[in-house]
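*Asks:* To start, I am sharing the structure in question, which I have written as structure tokens.
The values are calculated or read from the model by the stated rules, or taken from the named source; none is laboratory data. None of the values given here were measured: they were computed from a predicted structure. All Cβ positions, even for glycine, are placed from backbone atoms using ideal geometry, and neighbour counts span all protein chains on display. All accessible areas refer to the heavy atoms of the entire protein, side chains included, with ligands and DNA or RNA removed. Shrake-Rupley method; radii C 1.70, N 1.55, O 1.52, S 1.80 Å.
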Amino acid sequence: ICIFSFRARPATPIISVQMKSRSLLAVDPDIREEHKKYVFFVRHGESEWNRGMSTWAFDAILKMVTRHDHPLSAEGLSQARRLEGDVLRCLVFRQICQEGSPCAGSEMEGRFLAARVVLCSPLTRAIQTATVGLRPLLKSHEIATPRYAPPCVRLLRDIRERRNLGGRDTVGTCRGSSVQERTRHCLRKVLGEVRAREYDDIIGNIDFSDVQDEWWDNWREPWDAVEQRMSNFVEMIRELPAEQEPVIAIGHSQFFRELFRRYGGTPAGEFRRKVLSNCGVVGVTFSFSGHGTPRIIDQQLLFSSSLVEKAGPIRFLISGASGPRFAAMAVVAVVVALVFQGLRWHSTAAAVSAAGMGLLLSQALQRWLFPRCPQLVILLWIFSAIFIRELETREAC
């Protein structure tokens, strides 16, 4: 939930937002002083790329390196369905319970249900999350007697994920109405033809006007470009007229974390270090002082959302060396060593083979000798690799 405050300015007619964000919303320059605005950030469900990074399953790795703009995995779709259940439960309870009653949910959940606009990243996993996870809200007129009309859904390129080096999951594959067809196709692959049709009308009502041309980055995106996109997004929220509030923004963990780092300060605390769980929802309160820099002054997790510690490279190495993903890497290293051997790159092949075989040997030794100390795999790996390399050297002599 984002809250912005402004100093009063002379009233002028409502005009279209003209800014680099290609905003699709209208501007209301008559902003009251200390005016509060609420924005709900929703992270997408687990994608095929996320599944590959967490499990290192062969099929997931193959999809990671051969495809772009990875859709939701089966687990990601389940996460979106759980979000759908949370929203539906909140919507129904708020209908049958009196205002202020504990069963009616929190005040922030009530604001979430009153959202007027849903802004969504044009990446497929985000669109799928919006379509499935927010279905009760987008079709609230069919479920209960809503206080407001269902919100409109619009794609906004400015809230897409940053492309890092090798980040194939952030590269789009289509634009315009083709994005719509891709979303339908990906849902059919996971849900089946019949169940996927339940979401056709939601997908058909999405505004794709901001993605008519190429909206993704083909190379690593510089940080100044990301900061410009964040500024565009926050400025657009700042200029929203009251009838287009509150707003739900469906996007990505890194983009949301960078927003907290830039605007949050000390109060944002864990939100600056950790990432929002898949299909997690967080309400953020922003405050503006005239045309000054906005500040995040409050944030609140909704439904069953949580924050996840993002492992650094050292922690990733220590905690993961004894697991299946490193075993898969070791097998790949052995195969690569065989290829190098065939190319007569003998020294390189020997080094890669020693690393791969050493890791497999160290995992076996750790589970046999030190089953309660998986951290020792790193030390055993070093000794095993040196031992195997020494054996290969002696054999060559």
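*Asks:* Mind ranking Phe93, Phe288 by accessible surface for me, highest first, 1.4 Å probe?
*Replies:* Listed by decreasing accessible area, they come as Phe93, Phe288.
*Asks:* So for Glu214, Glu392, Glu46, Glu142, what's the accessible-area order with a 1.4 Å probe, most first?
*Replies:* So, going from the largest accessible area down, we get Glu142, Glu214, Glu392, Glu46.
*Asks:* Between Ala57 and Lys139, 0.36 nm times their residue separation minus their Cα-Cα distance comes to what?
*Replies:* Values: separation 82, 0.36 × 82 = 29.52 nm, distance 3.68 nm.
Going from the current span to full extension adds 25.8 nm.
*Asks:* Measuring from label point to label point, each 7 Å out along Cα→Cβ, what is the Ala114 to Arg394 span in nm?
*Replies:* Using points 7 Å along Cα→Cβ, the separation is 7.8 nm.
*Asks:* Classify region 140-266 from the C-alpha gyration tensor, please: rounded if a/c falls under 1.5, else prolate or oblate depending on whether a/b exceeds b/c. Spell out each step's value before the answer.
*Replies:* Values: a/c = 2.08, a/b = 1.21, b/c = 1.71.
Oblate, because a/c is 1.5 or more while a/b does not exceed b/c.
*Asks:* May I ask you to derive the relative contact order of region 132-271, considering only C-alpha pairs under 8 Å and at least 6 residues apart, and to give it as an integer percent?
*Replies:* Relative contact order here is 32 percent.
*Asks:* With r as the distance between the Cβ atoms of Leu376 and Phe93 and R0 = 45 Å, compute the FRET efficiency 1/(1 + (r/R0)^6) and round to 0.05.
*Replies:* 0.30
*Asks:* Assuming R0 = 30 Å, can you tell me the calculated FRET efficiency for the pair Arg273 and Ser106, based on Cβ-Cβ distance, to the nearest 0.05?
*Replies:* Calculated transfer efficiency: 0.75.
*Asks:* How much FRET efficiency would the formula 1/(1 + (r/R0)^6) give for Asn205 and Val171, where r is the Cβ-Cβ distance and R0 is 25 Å, rounded to 0.05?
*Replies:* In this case the efficiency is close to 0.45.
*Asks:* Keeping all protein chains in place, calculate the accessible area per residue for region 247-397 (probe 1.4 angstrom), answer in Å².
*Replies:* Roughly 55 Å² per residue, with all protein chains present.
*Asks:* By how many nm would the segment from Glu181 to Ala74 lengthen if fully extended, with 0.36 nm per residue of separation less the alpha-carbon distance?
*Replies:* Result: 36.6 nm gained on full extension.
*Asks:* Roughly speaking, what is the stretch gain from Asp298 to Trp223, that is 0.36 nm per residue apart minus the C-alpha to C-alpha distance, in nm to one decimal?
*Replies:* Here the answer is 24.5 nm.
*Asks:* Can you tell me the equivalent ellipsoid semi-axes for region 181-328? Use √(5λ) from the Cα gyration tensor, largest first, whole Å.
*Replies:* The equivalent ellipsoid of region 181-328 has semi-axes of 28, 27, 17 Å.
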